[in-house]
Amino acid sequence: MKARIEILQKQLNGINIYLIGMMGAGKTTVGELLAKQLGYRFIDTDDLITQATHQSISDIFATEGEEAFRDIESQVLSQLCAYQKFVIATGGGIILKRMNWSYLRHGIIIWLNVPVEELLNRLKEDTTRPLLQHPDHEQQLQTLLEKRKSLYAQADLEIMINSGDTPEQISTQILEKIPSILKPQSNALN
(Lines give C-alpha, C1' and ligand atoms only; values in the text may rest on other atoms or scores of the structure.)
Protein backbone atom coordinates (compact mmCIF):
# COMPACT_ATOMS: atom_id res chain seq x y z
CA MET A 1 0.00 0.00 0.00
CA LYS A 2 2.90 2.36 0.79
CA ALA A 3 4.25 2.16 -2.76
CA ARG A 4 0.75 2.78 -4.14
CA ILE A 5 0.40 5.87 -1.93
CA GLU A 6 3.73 7.23 -3.18
CA ILE A 7 2.59 6.81 -6.79
CA LEU A 8 -0.73 8.47 -5.95
CA GLN A 9 1.06 11.39 -4.26
CA LYS A 10 3.04 11.98 -7.47
CA GLN A 11 -0.11 11.71 -9.59
CA LEU A 12 -1.98 14.16 -7.35
CA ASN A 13 0.90 16.63 -7.53
CA GLY A 14 -0.40 18.52 -4.48
CA ILE A 15 -3.98 18.93 -5.72
CA ASN A 16 -6.51 19.41 -2.92
CA ILE A 17 -9.21 16.88 -2.12
CA TYR A 18 -12.63 18.26 -1.16
CA LEU A 19 -15.05 16.00 0.69
CA ILE A 20 -18.71 16.85 0.21
CA GLY A 21 -21.86 15.21 1.51
CA MET A 22 -24.59 15.47 4.08
CA MET A 23 -24.03 16.28 7.74
CA GLY A 24 -23.03 13.09 9.50
CA ALA A 25 -21.48 11.56 6.38
CA GLY A 26 -18.09 11.30 8.11
CA LYS A 27 -16.27 13.97 6.10
CA THR A 28 -14.13 15.06 9.06
CA THR A 29 -13.28 11.57 10.31
CA VAL A 30 -12.49 10.21 6.85
CA GLY A 31 -10.76 13.45 5.85
CA GLU A 32 -8.34 13.35 8.78
CA LEU A 33 -7.45 9.76 7.94
CA LEU A 34 -7.07 10.46 4.23
CA ALA A 35 -4.83 13.46 4.90
CA LYS A 36 -2.60 11.41 7.18
CA GLN A 37 -2.29 8.63 4.58
CA LEU A 38 -1.44 11.07 1.78
CA GLY A 39 0.90 13.26 3.85
CA TYR A 40 -1.53 16.16 3.36
CA ARG A 41 -2.83 18.68 5.87
CA PHE A 42 -6.44 18.47 6.98
CA ILE A 43 -8.94 21.28 7.48
CA ASP A 44 -12.65 21.33 8.21
CA THR A 45 -14.35 24.44 6.81
CA ASP A 46 -16.80 24.52 9.74
CA ASP A 47 -13.90 24.53 12.23
CA LEU A 48 -12.21 27.32 10.30
CA ILE A 49 -15.43 29.36 10.35
CA THR A 50 -15.86 28.95 14.11
CA GLN A 51 -12.22 29.97 14.67
CA ALA A 52 -12.49 33.00 12.39
CA THR A 53 -15.83 34.26 13.75
CA HIS A 54 -15.42 33.15 17.37
CA GLN A 55 -18.97 31.78 17.11
CA SER A 56 -20.42 28.31 16.81
CA ILE A 57 -22.16 27.39 13.57
CA SER A 58 -25.45 27.27 15.52
CA ASP A 59 -24.88 30.80 16.83
CA ILE A 60 -24.13 32.13 13.34
CA PHE A 61 -27.34 30.52 12.03
CA ALA A 62 -29.32 31.89 15.00
CA THR A 63 -27.96 35.45 14.97
CA GLU A 64 -27.13 36.09 11.32
CA GLY A 65 -29.04 33.41 9.42
CA GLU A 66 -28.12 30.69 6.96
CA GLU A 67 -27.42 33.15 4.13
CA ALA A 68 -24.73 34.94 6.18
CA PHE A 69 -23.22 31.60 7.15
CA ARG A 70 -23.10 30.52 3.48
CA ASP A 71 -21.33 33.79 2.59
CA ILE A 72 -18.67 33.18 5.26
CA GLU A 73 -18.34 29.59 4.05
CA SER A 74 -17.71 30.83 0.49
CA GLN A 75 -15.04 33.27 1.69
CA VAL A 76 -13.25 30.49 3.59
CA LEU A 77 -13.42 28.15 0.60
CA SER A 78 -12.09 30.83 -1.76
CA GLN A 79 -9.04 31.26 0.46
CA LEU A 80 -8.44 27.53 0.92
CA CYS A 81 -8.35 26.77 -2.80
CA ALA A 82 -5.20 28.89 -3.08
CA TYR A 83 -3.27 26.28 -1.07
CA GLN A 84 -2.10 22.79 -1.98
CA LYS A 85 -1.83 19.42 -0.27
CA PHE A 86 -5.02 19.75 1.76
CA VAL A 87 -7.86 17.37 2.39
CA ILE A 88 -10.82 19.66 3.10
CA ALA A 89 -14.02 18.56 4.80
CA THR A 90 -16.76 20.95 3.71
CA GLY A 91 -20.11 21.82 5.24
CA GLY A 92 -23.03 19.80 3.89
CA GLY A 93 -24.57 22.81 2.14
CA ILE A 94 -21.42 24.20 0.53
CA ILE A 95 -22.62 22.86 -2.82
CA LEU A 96 -25.71 25.10 -2.78
CA LYS A 97 -23.86 28.20 -3.98
CA ARG A 98 -22.86 28.07 -7.63
CA MET A 99 -19.77 30.21 -6.89
CA ASN A 100 -18.42 27.51 -4.58
CA TRP A 101 -18.19 25.03 -7.44
CA SER A 102 -15.55 27.18 -9.11
CA TYR A 103 -13.47 26.87 -5.93
CA LEU A 104 -14.14 23.16 -5.48
CA ARG A 105 -13.10 22.49 -9.09
CA HIS A 106 -9.55 23.54 -8.14
CA GLY A 107 -9.25 20.06 -6.66
CA ILE A 108 -10.84 16.64 -6.61
CA ILE A 109 -14.40 16.57 -5.28
CA ILE A 110 -15.45 13.40 -3.49
CA TRP A 111 -19.06 12.82 -2.40
CA LEU A 112 -19.47 10.64 0.66
CA ASN A 113 -22.95 9.29 -0.06
CA VAL A 114 -24.60 7.90 3.06
CA PRO A 115 -28.20 6.62 3.18
CA VAL A 116 -30.62 8.72 5.25
CA GLU A 117 -31.22 5.83 7.70
CA GLU A 118 -27.51 5.74 8.50
CA LEU A 119 -27.30 9.55 8.79
CA LEU A 120 -30.24 9.44 11.18
CA ASN A 121 -28.48 6.82 13.28
CA ARG A 122 -25.25 8.84 13.37
CA LEU A 123 -26.96 12.15 14.19
CA LYS A 124 -29.61 11.01 16.69
CA GLU A 125 -27.67 12.36 19.69
CA ASP A 126 -26.33 15.48 17.94
CA THR A 127 -28.12 18.64 19.07
CA THR A 128 -25.62 21.07 17.51
CA ARG A 129 -26.82 20.96 13.90
CA PRO A 130 -28.86 24.08 13.06
CA LEU A 131 -30.60 22.42 10.11
CA LEU A 132 -31.75 19.55 12.34
CA GLN A 133 -33.68 21.82 14.71
CA HIS A 134 -36.82 20.20 13.39
CA PRO A 135 -39.21 17.77 15.11
CA ASP A 136 -38.90 15.09 12.41
CA HIS A 137 -35.19 14.52 11.79
CA GLU A 138 -35.75 11.79 9.22
CA GLN A 139 -38.06 13.96 7.14
CA GLN A 140 -35.67 16.92 7.43
CA LEU A 141 -32.67 14.84 6.32
CA GLN A 142 -34.67 13.35 3.45
CA THR A 143 -35.77 16.82 2.31
CA LEU A 144 -32.22 18.21 2.49
CA LEU A 145 -30.81 15.23 0.60
CA GLU A 146 -33.44 15.46 -2.13
CA LYS A 147 -32.67 19.15 -2.59
CA ARG A 148 -28.92 18.54 -2.73
CA LYS A 149 -28.56 15.15 -4.41
CA SER A 150 -28.23 16.42 -7.98
CA LEU A 151 -25.54 18.86 -6.81
CA TYR A 152 -23.61 16.23 -4.85
CA ALA A 153 -23.78 14.02 -7.95
CA GLN A 154 -21.58 16.55 -9.78
CA ALA A 155 -18.61 15.37 -7.71
CA ASP A 156 -15.64 13.77 -9.46
CA LEU A 157 -16.06 10.63 -7.39
CA GLU A 158 -18.99 9.16 -5.44
CA ILE A 159 -18.27 6.84 -2.54
CA MET A 160 -21.30 4.84 -1.41
CA ILE A 161 -21.13 4.25 2.34
CA ASN A 162 -22.93 1.45 4.17
CA SER A 163 -23.64 1.24 7.89
CA GLY A 164 -20.82 -1.24 8.58
CA ASP A 165 -18.10 0.63 6.70
CA THR A 166 -15.26 1.87 8.89
CA PRO A 167 -13.47 5.18 8.24
CA GLU A 168 -10.36 3.15 7.33
CA GLN A 169 -12.30 1.14 4.72
CA ILE A 170 -13.79 4.32 3.27
CA SER A 171 -10.39 6.02 3.11
CA THR A 172 -8.86 2.97 1.40
CA GLN A 173 -11.72 2.91 -1.11
CA ILE A 174 -11.10 6.60 -1.91
CA LEU A 175 -7.36 6.02 -2.36
CA GLU A 176 -8.06 3.09 -4.69
CA LYS A 177 -10.57 5.05 -6.81
CA ILE A 178 -8.75 8.40 -7.16
CA PRO A 179 -6.42 7.15 -9.94
CA SER A 180 -9.47 6.32 -12.09
CA ILE A 181 -10.44 10.00 -12.26
CA LEU A 182 -7.00 11.55 -12.67
CA LYS A 183 -5.98 12.66 -16.13
CA PRO A 184 -2.89 10.83 -17.37
CA GLN A 185 0.19 12.99 -17.02
CA SER A 186 2.01 13.85 -20.19
CA ASN A 187 5.72 13.22 -20.36
CA ALA A 188 6.09 15.23 -23.56
CA LEU A 189 8.68 17.97 -23.63
CA ASN A 190 7.49 21.52 -24.29
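The values are calculated or read from the model by the stated rules, or taken from the named source; none is laboratory data. Nothing here was measured: the structure is a model prediction, and the numbers come from that model. Note that each Cβ is placed from the backbone with ideal geometry, even for glycine, and that neighbours are counted across all protein chains shown. For the accessible areas, the whole protein counts, side chains as well, though only heavy atoms, and no ligand, DNA or RNA atoms are used. Shrake-Rupley method; radii C 1.70, N 1.55, O 1.52, S 1.80 Å.
For the chain, modelled as a GNM with alpha-carbon contacts under 10 angstrom, which of L145, L157, L96 fluctuates the most? Its mean-square fluctuation being the largest, the pick is L96.
Take the chain, connect every pair of alpha-carbon atoms lying under 10 Å apart with a spring to form a Gaussian network, then pick out the residue of H106, H54, H137 with the largest mean-square fluctuation. Most flexible of the set in this elastic network: H54. Cross-link partners for K97 among the lysines, with Cα-Cα distance under 30 Å and sequence neighbours closer than 8 places in the same chain left out: K27, K36, K85, K124, K147, K149, K177, K183. Count Lys and Arg as plus one, Asp and Glu as minus one, and take only other residues whose Cβ is under 14 Å from that of Q11; the net charge is then +2. Each label point was placed 7 Å from the Cα along the Cα-to-Cβ direction; for R98 and I7 their separation is 4.1 nm.
Note on region 12-86: with neighbouring protein chains present and a 1.4 Å probe, carbon and sulfur make up 48 percent of its accessible heavy-atom surface.
Would you kindly state how much longer the chain becomes between E64 and T143 on full extension, computed as 0.36 nm times their sequence separation minus their alpha carbon distance, in nm to one decimal?
26.1 nm
So for region 1-143, taking the charge dipole from beta-carbon charges (+1 Lys/Arg, -1 Asp/Glu), which of L120, I57, I5 sits furthest toward the positive end? Going by the Cα projections, it comes out as I5.
The residue list G14, Y103, S171 was ranked by how far each Cα lies along the charge dipole of the chain toward its positive end, using unit charges on Cβ atoms, and G14 comes out on top. Restricting the GluC sites (Glu not before Pro) of region 61-128 to loop positions (DSSP other than H, G, I, E, B) with no more than 14 neighbouring Cβ atoms within 10 Å leaves E125.
Averaged per residue, what accessible area in Å² does the chain show with a 1.4 Å probe, protein chains only?
Computed with neighbouring chains in place, this is 54 Å² per residue.
Were the residues from K124 through L182 laid out at 0.36 nm apart, the gain over their Cα-Cα distance would be 17.2 nm.
Taken about its Cα centre, the chain carries a charge dipole of about 920 debye when Lys and Arg each add +1 at the Cβ and Asp and Glu each add -1 at the Cβ. Between amide H atoms placed 1.01 Å from N, distances below 5 Å from I17 occur with F86, V87, I88, I108, all of them 5 or more places distant or on a separate chain. In straight-distance terms, cross-link reach from K2 covers every one of the aspartates and glutamates whose alpha-carbon lies under 18 Å from its own, apart from those fewer than eight places away in the same chain; here that gives E32, E168, E176.
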